[in-house]
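Coordinate-derived values only; no laboratory data. Given the structure is predicted, the values throughout are model-derived calculations rather than measurements. Heads up, the Cβs are rebuilt from the backbone with ideal geometry, glycines too, and the neighbour counts pull from every protein chain shown.
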């Protein structure tokens, strides 16, 4: 068996471990040039020691194979709470100092590196956007492996290593993402090397995968489609040997799989990809016991093993012994610079993990080739005179983008099994759905190199897309509106990442994360109540305003304009809510462009407001179904109360309702009042939960006059019109709202009000008798 | 090999399949007593055929073993969108008619059963609360297996079968929940029999588990800790034989595992539990091809295989052929009643899956034995004169409950690895953490029969607890506030379930789903920005108001009162946000009880409002950290502006802010104004996103005078006081807000305002220099 010269690797590893412990504990005396005293110790001891020595080992051994093979690589650090480990290694390799020149690679730099860690005004305790080489925070666990695959897609020369902690491995998103290898094309994609780090413990418990019998673990990992290579031990020298061997074996296997696939013509079976199982003690090389309790190799090593260092002289002595056990004087010269031996394994230039452009994807990003919108516009001779499925119209545009990126391969569409159902199936004219398993004659559109990605896991879809975007590519996530909540927590983390990244001058902007939420709350004809939840927008709009946007295009042409806009945008999370069912075409492409540029505007053709003064009432709408009902209500008012000055306002970009000071898209009060007035009743038909509109507009002068209709959790398997009636969003209810709210109208329009109430009953009875909506609803279109 | 007499099973299965197709298609002519005509067909064809024949097969064969063995059983139908299958079977066994007497078990009942399905005013298309025998909706996929385990815990005689669709199996939550068997005690818990139904396809794609090589699948399932039993085929007769054999084998293995465990003294190793892999065609026995495309056995069978039946005579003929292929005249007598042969396999009475009390858990629920609160109250001689960790005080109360339920075993605490970290570790005095794997000498508190459940998967925790509650038991979920978002979508589904169940007279109320969100946004000292998200409450409060509640107890005694209240409540989702860090004790137990009963109240001891008139300003607070800052601000105002009439209002039950018409806990306007006034400036320091308060209170007369401070996504790894300063929630900022907003105060208090601004800078500088908060913050307490 090959014996590796490991002195250099061990020196690098010890140096990294030393730097981790230093970051957790030391304010001063970084090189231990004098005996350790209480005043050298930070007053608040924060950070996660337990996972760090394992991360240091992985970084060290990745360095070796990257350097030896000239292998372009990126690493995703699942246990990102082990932030000091990644910081330590990037400081050692020099990428940290290149990114932050005031933290030199010398003793003074080391002092600053230590002090700033988890210190107010310093750097966070986790791997973060601030960390060179990172695309993954690793605080909320579960997404490392999906991020790694996202980074590997369409990067055929890239190795993406991914450390998965055994805590993280218990999460659902991680468990699902093992199957990503069924979607990775060995010809056109890079490779992912999972490194399952079994250090045995979470915060207070053993982990499942570390304790199940080894045969079960082996069976599980083979069941995931991997060939596991085991590295086990606590003796550093033998672990170094085993790790070096496993790394080389893994790299060789990857090369073999790629070669075999790439010389063929796609006629090969998926082979198990290698992975490494690294079983080393938690808090390895740290204090074995503290105050009589075992620490190294137990859950007690999770955060700060010695907690009383400033107050307890015995703890202080133990810390000094621990730090000196790495023999820092052999690792750093008298100026505090890492020695040649320590740096021997470090790869050159951009091959360093902290320097790769793949972790700062904006550096690699190219604008998408977007088609002329006019080529995709639907012709609109008359407002509401025709019907289109908006997402189908969008599908044609996306197909153009997919076609134009065939060579570049930097655009993907992800979703949980709904691309065709969401009417985006034109895409299959130019690409397939990624799939590496056997196919059957009845299958359609499956292809090894397909750039539509479908797996019934919203978590995996989101993780893939995040990884893809963070490494400098483009994409779209199309999914059920209700089930976007499944990734609530993931999108919150991505917004936090983008917010922080935007403030870092060295991080180049990346493509936005774009959602198309379709199969929305109003059209769950097949599925009913469980599939009705328009609250994802509420969740997203709680987050950093510089990052988040939400759009409600009311028809096909506005959807095209919005899609074009978001695909050009950077560093944002854009939510588009648009139906897949036939929808009236309200605006020409020219009108749509003007309207979307404003984000909200008066549709004067739909109202009876003559523009010379204040209207009697404003009918506002956001969303395709509410827009239809508002226009139908406006038509009823025009017919029955022709003297009433009705203004129709449509809102595409919902953040426009917020004050300018609260959101970059927010309107000034003058702009807001010019649309909604300061004192006229506003009946606002909104796609989602009605109070969102109040939360956005509460500061407006006219807010006391704002009355919002929307979804209020009333639903089941029923007809589309019954859904709007149940939630008081229907045209008749809106007319009744106008009559109730316009001063002086109640008496004058009592008969009309009764008529409207009767209509609601008539529809209700018809629907329950026939199971369908009345033809007059289905066939309705703007009659003027 | 045993040959089973299967004519009766096949008759039952055919009858169920017939009833499924009937529900999807027929308005009339249910028994095909006349040739099928277009007018017999529903105008909207809705429902999911694809999965249903498989569900029918499982129901049929479960019936057999339940009946033969007298086995108490419950089934969780993961593919709950196959609702017509479960409805069909419960109609056959009679439990449907017992629950809904107007749907008789005869021809007229069958006609109604068909017509009501997915029909406006009828029943939903999925398994739902309305479905007898159901605890699981199965619309949003991923939670079936965790629900099944939750149902099995502490039900030692129960068999919980769980059908897992191969689509669902791709989700993260499902993938994680396979490992639940590491937490199931064969002595004290029931057993779970997973039935993985590989029908091969999702909506438009093959599924991963159906297409990976069989060796990989087998390896995966063994890796999950199961012994898979395979049932494969499309010939009904041979599948019946294989399924009967597999069922018996599974039941025998389960009995063996239980017996072995129960005769021992806990000294046994976990053994692989049996599971069944059922590989049958999607849309089995439906049309083989439609319009030239293959349908049976493909993704095209997912919903309605023949879509044009009303318009297309050929489709109508195919439907009739399909329906008659089940030979309904053999299955139902001339009155439309199922024949004896069909019903031969049906178990008696409450053993029927549609009749088990476990699926209507409220029938089994007993009130929790809750201790006297005074026994746990912390002594408060002086407001804010002492500190306690509120969750530790709660932990002692929970420990009493755990002790008192030791025999009953109907209370569990779940959480992702944080019970001790959240200061609930007194629990380990009376129970352990459930764990079936090997233990090491350094492990603590692990026990086979432990009723604390820790796995690093919020999804699994939530699924277990939901299953446990739905089957009539009690529990608490303690977790990181930020990561509660991981289960956003699950809690939304549970609220929908409860909302619907509350309206069903036959469903008895169940214990509420109670969250303790701790490790909250303001105290992420170790973890920083990624762990800061107070938005779970926003998400929950968007849902049905009759179900949702959110509480912000400001100290230990109020937390006790709130916890006592929620543990007594029924059919609700209660969110409690309370810190685990030392917190001032503001209220005595008597005061806490009065205050919590009101939900919000004036703390007159903290203000300078003499009660004779309107205050000059209201300082309101909700949450432990905001309460501390408001009280500190009130003390500053008392010291520096003693003539200013300051009223301090604390809100525990945040829904009190909503209008009475919008939430059952909402205040009337008179109540609201009596606390907050109609025209005085209110400075509201809130725990979470500030706009939530506006969204709740926007209708109040005094709303224009309401100014809210809260978390606005500004955070990192820093000190607690730096966190409140960053988010403008600190005492100095609050005093500045008062000065800015009370009319006429700006001039008089300019020096104080400057002083406050200077204090903020002084603290900022100290924190950045020393890494800690100034002692005057840490030691502060209410000085009057």
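How much of the calculated P(r) for segment B:461-528 lies past 15 Å, in percent of all Cα pairs? Can you show the working numbers first?
Details: 1324 of 2278 pairs.
Beyond 15 Å sits 58 percent of the P(r) for segment B:461-528.
May I ask for the Rg/Rh ratio of segment A:389-583, computed from Cα atoms with Rh as the Kirkwood radius, given to two decimals? Can you show the working numbers first?
On the way: Rg = 16.1 Å, Rh = 16.9 Å.
Taking Rh as the inverse mean 1/r over Cα pairs, Rg/Rh reads 0.95.
So if I take the centroid of the Cα atoms in segment A:82-128 and the same for segment A:666-728, what is the distance between those two points in Å?
Result: 49 Å between the Cα centres.
What are the nm distances, shortest first, from residue A:321 to its equivalents in the other copies, labels at 7 Å along Cα→Cβ?
Reported distances to equivalent positions: 8.6 nm.
Using every alpha carbon pair in chain A, what percent of pairs falls into each 20 Å bin from 0 up to the bin containing the largest distance?
16, 42, 28, 13, 1
Step by step: find N for segment A:9-332, compute 2.2 N^0.38 Å, then divide the Cα radius of gyration by it. What's the final number?
Working: Rg = 19.6 Å, N = 324, 2.2 N^0.38 = 19.8 Å.
Dividing the Cα Rg of segment A:9-332 by 2.2 N^0.38 Å gives 0.99.
Round to the nearest 0.05 the FRET efficiency obtained for residue A:227 and residue B:268 when R0 = 51 Å and r is the Cβ-Cβ distance.
Approximately 0.95, to the nearest 0.05.
Over segment B:227-340, calculate the relative contact order: mean separation of alpha carbon pairs under 8 Å at least 6 apart, over the residue count, as a percent. All intermediate terms of the calculation are to be shown ahead of the outcome.
Working: 107 pairs, mean separation 23.4, N = 114.
RCO, segment B:227-340: 20 percent.
Taking residue A:750 in one copy and the same position in all the others, each labelled 7 Å out along Cα→Cβ, what are the pairwise distances from the first, in nm, shortest first?
Computed spacing set for this position: 6.1 nm.
Taking neighbour counts of Cβ atoms within 10 Å as a proxy for exposure, in what order, fewest first, do B:510, A:739, B:263, A:203 appear?
Numbers: B:510 27, A:739 23, B:263 9, A:203 19.
Fewest-to-most Cβ neighbours within 10 Å comes out as B:263, A:203, A:739, B:510.
When N is the residue count of segment A:1-56, what does its C-alpha Rg come to as a fraction of 2.2 N^0.38 Å?
Details: Rg = 14.4 Å, N = 56, 2.2 N^0.38 = 10.2 Å.
It is 1.42.
What percent of all Cα-Cα pairs in segment A:597-778 falls into each 10 Å bin, going from 0 up to the bin containing the maximum distance?
10, 38, 35, 15, 3, 0
For each of A:676, A:332, count neighbouring Cβ atoms within 10 Å of the residue's Cβ, then give the residues from fewest to most.
So the ranking, lowest neighbour count to highest, is A:332, A:676.
Hey, what did segment B:7-359 get for relative contact order, percent, Cα under 8 Å, at least 6 apart? Please list the in-between numbers first.
Values: 717 pairs, mean separation 91.2, N = 353.
Once divided by the residue count of segment B:7-359, the mean separation gives 26 percent.
Let's test this: bin the Cα-Cα distances of segment B:267-343 at 10 Å from zero up to the farthest pair and state each bin's percent.
Histogram of Cα-Cα distances, whole percents per bin: 16, 30, 26, 15, 7, 4, 1.
For the protein assembly as shown, what mean projected area does the convex hull of the alpha carbons give, in nm²?
Details: hull surface 217.3 nm².
Projected area, direction-averaged: 54.3 nm².
Is there a simple number for the mean count of other chain Cβ atoms within 10 Å of the Cβ of residues in A:698-709, and what is it? Before the final figure, lay out each step's value.
Values: counts 9, 2, 0, 1, 0, 4, 5, 0, 1, 0, 0, 0.
So the per-residue partner count for this stretch is 2.
In degrees, nearest 10, range 0 to 90: what is the angle between the Cα axis of helix B:214-223 and the longest Cα principal axis of chain B?
For helix B:214-223, the angle is close to 50 degrees.
Based on DSSP H runs of at least 4 residues, each adding -39500 (n - 2.57), what is the mean residue ellipticity at 222 nm of the protein assembly as shown after dividing by all its residues, to the nearest 500 deg cm²/dmol? Kindly include the intermediate steps, with their values, before the conclusion.
Details: 54 runs with 582 residues, N = 1568.
That comes out to -11000 deg cm²/dmol.
State, to one decimal in nm, how far the label point of residue B:2 lies from the label point of residue A:661, with both points 7 Å from Cα in the Cβ direction.
Simple spin-label model gives 7.7 nm for this pair.
I need the fraction of alpha carbon pairs in segment B:400-514 separated by more than 19 Å, rounded to a whole percent. Don't skip to the end; give the middle numbers.
Details: 3189 of 6555 pairs.
For segment B:400-514, the share of Cα pairs beyond 19 Å comes to 49 percent.
At 7 Å along the Cα-to-beta-carbon direction for both residue A:568 and residue A:442, put a label point, then send me their distance in nm to one decimal.
With each label placed 7 Å out from Cα toward Cβ, I get 4.6 nm.
Going by average Cβ neighbours within 10 Å, how do the peptides B:715-723, A:513-521, B:419-427 rank, with the highest at the top? List each step's numbers first, then the result.
Details: B:715-723: 24.1, A:513-521: 26.4, B:419-427: 22.1.
In decreasing order of mean packing, B:715-723, A:513-521, B:419-427 become A:513-521, B:715-723, B:419-427.
Report the Cα centroid-to-centroid distance between segment B:417-443 and segment A:189-216 in angstrom, as an integer.
20
Taking neighbour Cβ counts within 10 Å as the exposure measure, how do B:584, B:117 sort from fewest upward?
On the way: B:584 21, B:117 26.
By the 10 Å Cβ count, ascending: B:584, B:117.
Dividing the Cα radius of gyration by the Kirkwood radius, what Rg/Rh value follows for segment B:490-647? Please list the in-between numbers first.
Details: Rg = 18.3 Å, Rh = 17.6 Å.
Radius of gyration relative to Kirkwood radius: 1.04.
Given R₀ = 30 Å, what would the calculated FRET efficiency be for residue A:407 paired with residue A:382, taking r from the Cβ atoms and rounding to 0.05? Mind dumping the intermediate values first?
Details: r = 42 Å, r/R0 = 1.39.
Efficiency, rounded to the nearest 0.05: 0.10.
What is the average number of partner chain Cβ atoms found within 10 Å of a Cβ in B:771-779? Write down the numbers at each step before the final one.
Numbers: counts 11, 4, 3, 0, 0, 0, 0, 0, 0.
For peptide B:771-779, the averaged partner shielding equals 2.
From the label point of residue A:382, set 7 Å from Cα along Cα→Cβ, how far away are the matching label points in the other copies, in nm, ordered shortest to longest?
Those label-point separations list as 8.2 nm.
Need one number: % antiparallel among DSSP beta bridges in the protein assembly as shown, to the nearest 5. Each step should come with its number before you reach the end.
Details: 24 of 146 bridges.
Of all bridge pairs located within the protein assembly as shown, approximately 15 percent are antiparallel.
For chain A, what does the relative contact order come out to in percent, with C-alpha contacts under 8 Å and a separation of six or more?
Values: 1701 pairs, mean separation 87.7, N = 784.
11 percent.
Normalised by the empirical 2.2 N^0.38 Å for globular proteins, what value does the Cα Rg of segment A:55-150 take? Walk me through the numbers before you get to the answer.
Values: Rg = 13.5 Å, N = 96, 2.2 N^0.38 = 12.5 Å.
That ratio works out to 1.09.
Looking only at other chains, what is the average number of their beta-carbon atoms within 10 angstrom of each beta-carbon in A:490-500?
Working: counts 2, 1, 10, 5, 0, 1, 8, 2, 0, 3, 3.
Mean shielding count: 3.
Mind pulling the angle between the C-alpha long axis of helix A:52-69 and the longest principal axis of chain A? Nearest 10 degrees, somewhere in 0 to 90.
The helix A:52-69 is inclined about 90 degrees to chain A.
In degrees between 0 and 90, to the nearest 10, how far off the longest principal axis of chain A does helix A:83-93 point, with axes built from Cα atoms?
Taking Cα atoms only, the helix is inclined about 60 degrees.
Could you let me know the centre-to-centre spacing of segment A:229-260 and segment B:341-415, using Cα atoms, in angstrom?
Segment A:229-260 and segment B:341-415 have Cα centres spaced 50 Å from each other.
If r is the Cβ-Cβ distance from residue B:640 to residue B:340 and R0 is 60 Å, what FRET efficiency results, to the nearest 0.05? Mind dumping the intermediate values first?
Details: r = 89 Å, r/R0 = 1.48.
The value I calculate is 0.10.
If you take every DSSP beta bridge whose two residues both sit in chain B, what share of them, in percent to the nearest 5, is antiparallel?
The antiparallel proportion sits near 15 percent.
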